[in-house]
Amino acid sequence: MKYVGVIATAIWALSLLSSEGHAWNIPGHMLSGAIAYQILQQESPTTIPAVRLVLEKNPWYESRWRVQLDAERDEMLFMLAARWADDVLTQDPPESHLSWHYVDFPFKPEGEPASIQTIPPPQENILTAIAENERIVRSASDPARRGIALIWLLHLVGDIHPPLHAVTLFSREYPRGDEGGTDTCVRVAQDRAALSLHLLWDELLTSSDNTRTLRNMAVELRNRFPRNTLPDWPLWTRKCGPRRTTKSERRSLTRTALCAAHPKVSGVTADR
């Protein structure tokens, strides 16, 4: 199945957003679906009908997606498919696999006591999920199963790029880990409510659900970050993983990284 390699290449190209360090909310995943579609349209347009046939095998196509397709049907289908893995968390829990969305490499800053013991990532994680779903797309005989696996790939290659999907902090404050920044609270301004660091990253890229806006953003980001200048996702994941870091670096990491990632974020303070 030649098209499998082509769609895989397009999906890996979503790493063009990784240099911004953003995570993904549902609009962000729709944006990644638009990017994958546009890359295929430009580089291998004959692949799109084959991919469409696979995506249409997902049970949600007839029950939910078909009525939402607009004039640009194929691109919209990619956008809906890319968000599916988050939609099922609340709308179809038996299909969800929470541990597939991240890999929590342990990070323990220098200066933490020996009593703080790190925990390795679970055996089932985003890396194993990508490998398994790619295998299913390539070799499974059940069309519906392949349709679900391809949709997982569209989603997971977006999820693997944000740093907080690849690391968990272990420290005196978080002896059991901070759940990828979920338990770390910050404020974007003193008069704003506290929110989790993980959620802040999720919403930095966009919160717009306007499909035209998301399509235009896809074009802009592809022009801004040519894929041939960026690392592939395995390298990015290793960069997001643990490294030797001083305690002072850890103290300044939240504010420096967030302010650099987005000009609208200023005065970020830890909520302690």
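Quick check on residue 120: is it in a loop (DSSP other than H, G, I, E, B), touching a strand residue (DSSP E or B) at 6+ places or on another chain (Cβ under 9 Å) and at pLDDT 90 or above? Answer is yes for this residue. Of all residues in the range 196-210, those that are more than 16 Å from the chain's Cα centre (by Cα) and surrounded by 16 or more Cβ atoms within 10 Å (Cβ to Cβ) total 1. Counting residues in the range 156-172 that are more than 26 Å from residue 116 (Cα to Cα), surrounded by 16 or more Cβ atoms within 10 Å (Cβ to Cβ) and at pLDDT 90 or above gives one or more. Total residues in the range 211-236 satisfying the condition of being within 23 Å of residue 81 (Cα to Cα) and either crowded, with 16+ Cβ neighbours inside 10 Å or modelled with pLDDT of 70 or more (or both): the figure is 14.
Looking at the range 107-123, which of its residues are surrounded by 14 or more Cβ atoms within 10 Å (Cβ to Cβ) and in contact (Cβ under 8 Å) with a residue 24 or more places away in the chain? First the steps, then the outcome.
First, pick out the residues of the range 107-123 that are surrounded by 14 or more Cβ atoms within 10 Å (Cβ to Cβ): 107-109, 112, 116, 118, 121.
Scanning the range 107-123 gives 107, 108, 109, 112, 116, 118.
Report, by residue number, each residue of the range 27-49 that is assigned to a helix (DSSP H, G or I) and β-branched (Val, Ile, Thr). Residues satisfying the conditions are 35, 39, 47, 48.
Let me confirm something: among 38, 68, which residue is surrounded by 15 or more Cβ atoms within 10 Å (Cβ to Cβ), at pLDDT 90 or above and polar (S, T, N, Q)? Don't jump to the end; show me each part of the working.
Working: 68 fails: surrounded by 15 or more Cβ atoms within 10 Å (Cβ to Cβ).
So the residue among 38, 68 that is surrounded by 15 or more Cβ atoms within 10 Å (Cβ to Cβ), at pLDDT 90 or above and polar (S, T, N, Q) is 38.
Among the residues making up the range 79-117, those that are out of contact with any helix residue (DSSP H, G or I) (no Cβ under 7 Å at 6 or more places or on another chain), part of a loop (DSSP other than H, G, I, E, B) and among the small types (Gly, Ala, Ser) are 114, 115.
The values are calculated or read from the model by the stated rules, or taken from the named source; none is laboratory data. Since we're looking at a predicted model, the values are computed, not measured. Using ideal geometry, Cβ is built from the backbone for each residue, glycine included, and neighbour counts are taken over all protein chains shown.
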